[in-house]
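**Q** Have a look at this one.
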Amino acid sequence: MDSAIYHTHAGSWVVLVILFLISYFIPKNKVLPMILRLFYLIMIFTGGYMLFTGGYGGTYHLKAVLAILLIGMMEMLLARRKKGKGVLPFWIALVVLLVVVVLIGYGVISFTS
């Protein structure tokens, strides 16, 4: 069961990034943002399940917070694009958060020895 949850979580991240990019660069589509939000929920549910049942340490709690911020950046970028406002600082934050979250997820960044 844990392996299935892990693979669902990792796969949802890949799909999430792809759907976000498509939603951002094809703003006329109304269905993709809803599917994107469904994958937010899948990612949050599977991540929360692993976090609270897997006995992960503080680094993964930080990853959870950063992942929620990452979702916020994605939503803010979509909203600002729709309104025609500046997006560069949000893109920078999104890329930095995405890199940090992925590196923590794969154990490259860890605060334990």
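The values are calculated or read from the model by the stated rules, or taken from the named source; none is laboratory data. Because the structure is predicted, anything quoted here is derived from the model rather than measured. So basically every Cβ, Gly included, is an ideal-geometry build from the backbone, and we count neighbours across all protein chains shown.
**Q** Evaluate segment 70-90: report whether one residue or more is within 11 Å of the chain's Cα centre (by Cα), more than 19 Å from I22 (Cα to Cα) and modelled with pLDDT of 95 or more.
**A** No, the conditions are met nowhere in segment 70-90.
To keep it simple, each residue is scored yes or no on (1) surrounded by 15 or more Cβ atoms within 10 Å (Cβ to Cβ); (2) small (G, A, S); (3) in contact with a Cys (Cβ under 7 Å, 6 or more places away or on another chain); (4) not in a helix (DSSP H, G or I).
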| position | (1), (2), (3), (4) |
| --- | --- |
| L16 | yes, no, no, no |
| L21 | no, no, no, no |
| L41 | no, no, no, no |
| Y49 | yes, no, no, no |
| Y56 | no, no, no, yes |
| A64 | yes, yes, no, no |
| G72 | no, yes, no, no |
| K85 | no, no, no, yes |
| A93 | yes, yes, no, no |
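**Q** So which residues in segment 23-34 are surrounded by fewer than 14 Cβ atoms within 10 Å (Cβ to Cβ) and part of a helix (DSSP H, G or I), if there are any at all?
**A** F25, V31, M34
**Q** Hey, among L78, L98, L66, L88, which residue is of a type outside the set (G, A, S), free of Cβ contacts under 8 Å to residues at least 40 places away in the same chain and under 21 Å from M43 (Cα atoms)?
**A** None of the other options fit; the residue is L66.
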